[in-house]
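The values are calculated or read from the model by the stated rules, or taken from the named source; none is laboratory data. Computed from a predicted model, the values in this text were never measured in an experiment. Here the Cβ positions follow ideal geometry from the backbone for every residue, glycine too, while neighbour counts run over all protein chains shown. Quick note on the areas: whole protein, heavy atoms, side chains included, nothing else; ligands and nucleic acids left out. Shrake-Rupley method; radii C 1.70, N 1.55, O 1.52, S 1.80 Å.
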2 protein chains.
Amino acid sequence: MRIAIDAMGGDHAPALIVKGALEAAREWPDIQLLLVGDTPRIEEHIEGTMPSNVKIIHASDVIGPDEEPVKAVRRKKDSSMVVAGRLVREGQAEAMLSAGNTGALMTTGLLVVGRIEGIERPALVYMLPTIDDVGVLALDLGANMDAKPEHLLQYAIMGSIYRTKVQGLKNPRVGLLNVGTEAMKGNELSKAAYSLLEAAPIHFIGNVESRDVLAHNCDVLVCDGFAGNIMLKTMEGTAGMLFSTLKETLTSSFVNKIAASILRSSMQKLRKKMDYKEHGGAPLLGVNGLVIKCHGSSDIKAVKNGVRQAKIAIESQLIPSIAAEISGK
Amino acid sequence: MRIAIDAMGGDHAPALIVKGALEAAREWPDIQLLLVGDTPRIEEHIEGTMPSNVKIIHASDVIGPDEEPVKAVRRKKDSSMVVAGRLVREGQAEAMLSAGNTGALMTTGLLVVGRIEGIERPALVYMLPTIDDVGVLALDLGANMDAKPEHLLQYAIMGSIYRTKVQGLKNPRVGLLNVGTEAMKGNELSKAAYSLLEAAPIHFIGNVESRDVLAHNCDVLVCDGFAGNIMLKTMEGTAGMLFSTLKETLTSSFVNKIAASILRSSMQKLRKKMDYKEHGGAPLLGVNGLVIKCHGSSDIKAVKNGVRQAKIAIESQLIPSIAAEISGK
């Protein structure tokens, strides 16, 4: 099993990406890790002997966090991200991980790695936190801005396969993100998608409202990339605002500070629960190989988690299963 | 100034609606309040002498909370909601308030009260809570599911007029809800709307992300009804989940309970801040008369707040200002 890691992407690249990769290599000796990036800069962060299952693949260029995705991917053919994508395309790696520019990674998935035959649009997938800590797999959260009903149908199928194959959930409940639970609610897109999902070989439970998602009312949440991204960022913004107001409250007086010190560890747990960055990397489903987006601020632990996620997905035959279901191959 | 109140709509109707109306009538003797509904059932809740500025308008029927909006409004011509709408249409009232079925009220606005000439789609407006307690006026939050770029332009103009005329804000900053702040971000709708907003006679500040809305990065937030409704319900769901998890934390051990008792009043303030129901009624802008949706669980205070809101909007010439700006009348 070979996994390519974009060593140059992310806020803490290459230092923590390299360190995370080395820890992963030591923990799982059956994985061959390909560290893609500037060789001297990667070598700087290798302490002691390099594990025999790590190999550096030199790439001279880097795509920056603010670069225009399509232009960057087209022009920077020797960037660490594009080279890692090419390794997947050419079958030299089964998966790639990057903590770099999200738009550029989606473009790399689409243009360099390429789609699975029959998939019209890849989808960006996150596990949203739920009150019971199980999580909801939501897709698409921003890869495709103008979805058609058929795209939502493919998201539902891919999401069901992911939860079944990678996460071992039997018969996952699929919900359609909508403004009400009744069948004929929503916009033209959601009404047309509803009919397609009803007829699909999945466990479709109907429309779900975003206010109920965190209560874990479904296992796979299907949405268009625009509304899904709005939902994701609203969760982040609301939780962020609440925590900062809470912090203000907890430090606003002497007695509140005492109360706060009692609650500190409970509060940290709560904050962690709401942080979707803690819930692993975000796969781009629908491309012909595993592409996982790690958060920009990924540290050693996050890189290791990403490698673990890729390992499980490869072992569970995720991509071949999606290909078989979609294109009948 | 005459304001019609649907006495039969809402969880606490007619009791608390009638009581709220009577309190409002006593506080503002210059308003004539028309209580619309079943006369005997309204009279039951009138204690003492009825203020001289309150009049009961009999309506024999009621639209229930779960009725299909368009059917209900078309069939129940003698329902309290439709009769109140007719009072506005016929110029016997300048405004109507209802805590009843939201969909039916939007339909009443559209079909009974009627649109302002030149307005293509009315928009449902809420004040979203912000960290600085000022609030963001957001529209449309669910009146129109399939918005066109021109609708978003009209929302921006109506929202700007509302904040200027009713809330006394000079040159309000208008933001477009989007998945990123760069100009060319988003879906086809938001890209086309961006160009229209740039050329409009408003203070357009560009795209805003939902995670920043609560930090009060704009004064008017323009969005399509589908994404806007998703955003609103995500805020509600995220805050609700956090508060319930917080409550669990605060009661999970003896020392936590002690800390919680210290924090009780601060926590209640925080909860109130996040509750958009506290921020007054939701006007349906674009109809030819003032239509205000009060929350279903409206109590005496909420009804009084709704009447105050209507009074200010009427005094500030909201509807004529919108009509003048849109149709050049």
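Determine whether residue B:326 is more than 14 Å from chain A (Cβ to nearest Cβ), open to solvent by 60 Å² or more (accessible area, probe 1.4 Å), part of a helix (DSSP H, G or I) and not basic (Lys, Arg). Talk me through it step by step, then tell me what you get.
Values: more than 14 Å from chain A (Cβ to nearest Cβ): yes; open to solvent by 60 Å² or more (accessible area, probe 1.4 Å): no; part of a helix (DSSP H, G or I): yes; not basic (Lys, Arg): yes.
So residue B:326 does not fit the description; no.
Can you pull out the residues in the stretch B:239-275 that are among the hydrophobic types (A, V, I, L, M, F, W, C), more than 8 Å from chain A (Cβ to nearest Cβ) and more than 26 Å from the chain's Cα centre (by Cα)?
Within the stretch B:239-275, B:254 is the sole residue that qualifies.
The rows are residues; the columns are (1) on the phi < 0 side of the Ramachandran plot; (2) open to solvent by 40 Å² or more (accessible area, probe 1.4 Å); (3) modelled with pLDDT of 95 or more; (4) polar (S, T, N, Q).
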position: A:21; (1), (2), (3), (4): yes, no, yes, no
position: A:24; (1), (2), (3), (4): yes, no, yes, no
position: A:34; (1), (2), (3), (4): yes, no, yes, no
position: A:46; (1), (2), (3), (4): yes, no, no, no
position: A:49; (1), (2), (3), (4): yes, yes, no, yes
position: A:54; (1), (2), (3), (4): yes, no, yes, no
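Within the stretch B:117-135, can you find the residues that are closer than 17 Å to residue B:147 by Cβ and not hydroxyl-bearing (Ser, Thr, Tyr)? First the steps, then the outcome.
We begin by selecting, within the stretch B:117-135, every residue closer than 17 Å to residue B:147 by Cβ; these are B:118-126.
Within the stretch B:117-135, B:118, B:119, B:120, B:121, B:122, B:123, B:124, B:125 qualify.
List every residue pair whose Cβ atoms sit under 7 Å apart, with the two residues 6 or more apart in sequence or on different chains, where the first one lies in the stretch A:45-56 and is under 13 Å from residue A:20 (Cα atoms) and the second, anywhere, is surrounded by 15 or more Cβ atoms within 10 Å (Cβ to Cβ) and basic (Lys, Arg).
A:45/A:19
Assess whether residue B:132 counts as being of a type in the set (Asp, Glu), at pLDDT 95 or above and not assigned by TED's automatic domain parsing to the domain that holds residue B:94.
Numbers: of a type in the set (Asp, Glu): yes; at pLDDT 95 or above: no; not assigned by TED's automatic domain parsing to the domain that holds residue B:94: yes.
In short, no.
Can you give me the ranges of the helices (runs of 4 or more DSSP H) entirely in the stretch A:1-85 with at least 2 residues that are under 20 Å from residue A:292 (Cα atoms) and touching a Cys at 6+ places or on another chain (Cβ under 8 Å)? Walk me through it before giving the result.
Details: elements: A:15-27, A:39-43, A:69-75.
Correct list: empty, since no element meets the threshold.
Might you check whether a residue that is among the β-branched types (Val, Ile, Thr) and over 21 Å from residue A:310 (Cα atoms) occurs anywhere in the stretch A:161-178?
So the first thing to find is which residues in the stretch A:161-178 are among the β-branched types (Val, Ile, Thr), and the list is A:161, A:164, A:166, A:174.
In the following step, the residues that additionally are over 21 Å from residue A:310 (Cα atoms) were identified as A:174.
Yes: the stretch A:161-178 contains one or more residues that are among the β-branched types (Val, Ile, Thr) and over 21 Å from residue A:310 (Cα atoms).
Restricting to the stretch B:80-102, give me the number of residues that are crowded, with 24+ Cβ neighbours inside 10 Å and free of Cβ contacts under 8 Å to residues at least 40 places away in the same chain.
Number satisfying all stated conditions: 1.
For the stretch B:159-181, which positions are surrounded by 24 or more Cβ atoms within 10 Å (Cβ to Cβ) and part of a loop (DSSP other than H, G, I, E, B)?
B:179
Please pick out the residue among A:119, A:42 that is touching a Leu at 6+ places or on another chain (Cβ under 7 Å), buried (at least 20 other Cβ atoms within 10 Å of the Cβ) and not charged (D, E, K, R).
Answer to the selection: A:42.
Among the residues of the stretch B:180-190, are any closer than 23 Å to residue A:239 by Cα and within 12 Å of chain A (Cβ to nearest Cβ)?
Checked against the condition, which is being closer than 23 Å to residue A:239 by Cα and within 12 Å of chain A (Cβ to nearest Cβ), the stretch B:180-190 yields at least one hit.
Restricting the search to the stretch B:86-101, which residues are assigned to a helix (DSSP H, G or I) and either among the aromatic types (Phe, Trp, Tyr) or closer than 21 Å to residue B:308 by Cβ (or both)? Even if it seems obvious, please write down each step before you answer.
Keep residues of the stretch B:86-101 that are assigned to a helix (DSSP H, G or I), which gives B:86-89.
If the condition is that a residue be assigned to a helix (DSSP H, G or I) and either among the aromatic types (Phe, Trp, Tyr) or closer than 21 Å to residue B:308 by Cβ (or both), then B:87, B:88 are the ones that fit.
Any idea which of A:192, A:156, A:147, A:143 is crowded, with 22+ Cβ neighbours inside 10 Å, under 16 Å from residue A:208 (Cα atoms) and not assigned by TED's automatic domain parsing to the domain that holds residue A:309? Don't jump to the end; show me each part of the working.
Values: A:192 fails: crowded, with 22+ Cβ neighbours inside 10 Å; A:147 fails: under 16 Å from residue A:208 (Cα atoms); A:143 fails: under 16 Å from residue A:208 (Cα atoms).
Of the residues listed, the single one that is crowded, with 22+ Cβ neighbours inside 10 Å, under 16 Å from residue A:208 (Cα atoms) and not assigned by TED's automatic domain parsing to the domain that holds residue A:309 is A:156.
Just to be sure before I move on: is residue B:132 within 30 Å of residue A:237 (Cβ to Cβ) and either surrounded by fewer than 21 Cβ atoms within 10 Å (Cβ to Cβ) or in contact (Cβ under 8 Å) with a residue 60 or more places away in the chain (or both) in the structure I sent?
Yes; evaluated as a whole, the condition is true for this residue.
Look at the stretch A:103-112 and say how many of its residues are open to solvent by 10 Å² or more (accessible area, probe 1.4 Å) and within 20 Å of residue A:159 (Cα to Cα). Steps first, answer last, please.
Step one: list which residues in the stretch A:103-112 are open to solvent by 10 Å² or more (accessible area, probe 1.4 Å), which gives A:103, A:106-107, A:110-112.
Filter again for within 20 Å of residue A:159 (Cα to Cα), leaving A:106, A:110.
Qualifying residue count, the stretch A:103-112: 2.
Identify, by number, the condition in (1) surrounded by fewer than 21 Cβ atoms within 10 Å (Cβ to Cβ); (2) in contact with a helix residue (DSSP H, G or I) (Cβ under 9 Å, 6 or more places away or on another chain); (3) within 14 Å of chain A (Cβ to nearest Cβ) that residue B:312 doesn't meet.
(3)
Testing residue A:236 on (1) acidic (Asp, Glu); (2) in the same structural domain as residue A:142 (by TED's automatic domain parsing); (3) closer than 20 Å to residue B:269 by Cα, one condition comes back false. Which one is that?
Among (1) acidic (Asp, Glu); (2) in the same structural domain as residue A:142 (by TED's automatic domain parsing); (3) closer than 20 Å to residue B:269 by Cα, the lone unmet condition for residue A:236 is (3).
So which of B:286, B:306, B:296 ends up being touching a Phe, Trp or Tyr at 6+ places or on another chain (Cβ under 9 Å), more than 10 Å from every other protein chain (Cβ to nearest Cβ) and crowded, with 16+ Cβ neighbours inside 10 Å?
Checking each option against the conditions leaves just B:286.
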